[in-house]
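Encoded as structure tokens, the structure appears first; notes follow it.
The values are calculated or read from the model by the stated rules, or taken from the named source; none is laboratory data. None of these values were measured; they are calculated from a predicted model. With ideal geometry, Cβ positions are generated from the backbone for all residues, glycine too; neighbour counts draw on all protein chains shown. Keep in mind that these areas ignore ligands, DNA and RNA; they rest on the heavy atoms of the full protein, side chains included. Shrake-Rupley method; radii C 1.70, N 1.55, O 1.52, S 1.80 Å.
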Amino acid sequence: MLFPCKPDIDVRPAPSPRGLVVCKAAAQSFSLSWAEVAEPAQVGAALRAMREALAAKLGAPLPEAQTLVVPGMTPQLEAVQLRLQGRDQAARVAVFARGLRVYQLTQLGAGLDEQAWETFLTGLKLLP
């Protein structure tokens with residue numbers, strides 16, 4: 001994964017593994033967060049909940065999402081990317097999964113650099 005800045009990493013292994021990698025550059029934050037769900041049937045709901053939670057935090061409506069494919073991800077109908085426009089901030093968000101691990105990739109700021117998002121998103125590859 002290519003971050004546009006040096007990220008801080010926070011990993012919590014138990015009782016439910018999760019983590020966050022985040023950095024700030026050019027008045028924007030870039031992050032990758034992940035969590036593990038207990039069973040495959042929970043993956044889709046977890047991906048929906050991740051994007052809905054960010055939209056609620058920003059006070060933004062959920063727009064139509066674009067299909068997303070990340071190299072190495074487990075195919076999932078809920079794997080999408082979208083742009084959110086809140087009152088004070090905008091966000092680009094992508095949600096996807098590999099097995100029982102769900103991921104959220106986020107760019108957040110008052111103004112978003114679309115090229116930075118494309119570089120951030122296309123620099124991501126899940127290894128076996």
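For this structure, a couple of remarks:
- Positions within the range 83-101 being touching a Phe, Trp or Tyr at 6+ places or on another chain (Cβ under 6 Å) and under 20 Å from Q115 (Cβ atoms), in sequence order: R92
- Counting the residues of the range 33-81 that are surrounded by fewer than 13 Cβ atoms within 10 Å (Cβ to Cβ) and part of a loop (DSSP other than H, G, I, E, B) gives 11.
- Filter result (surrounded by fewer than 16 Cβ atoms within 10 Å (Cβ to Cβ) and more than 22 Å from C5 (Cα to Cα)) within the range 82-128: Q85, R87, D88, G99, P128
- Among residues of the range 55-82 that are over 20 Å from W117 (Cβ atoms) and in contact (Cβ under 8 Å) with a residue 24 or more places away in the chain, those with a Cβ under 7 angstrom from a residue that is part of a loop (DSSP other than H, G, I, E, B) and open to solvent by less than 70 Å² (accessible area, probe 1.4 Å), sequence gap 6+ or separate chain, pair up as G59/G86; T74/G99.
- Residue check, R87 over 15 Å from the mean Cα position of the chain (by Cα) and either in a helix (DSSP H, G or I) or not aromatic (F, W, Y) (or both): yes
- Filter result for A91 (touching a helix residue (DSSP H, G or I) at 6+ places or on another chain (Cβ under 7 Å) and either under 16 Å from V22 (Cβ atoms) or among the β-branched types (V, I, T) (or both)): yes
- Filter result for T119 (in contact (Cβ under 8 Å) with a residue 24 or more places away in the chain and either closer than 18 Å to A41 by Cα or among the aromatic types (F, W, Y) (or both)): no
- Taking the range 12-32 as the range and being within 25 Å of G109 (Cβ to Cβ) and open to solvent by 30 Å² or more (accessible area, probe 1.4 Å) as the test, the residues that pass are R18, L20, V22, K24, A26, A27.
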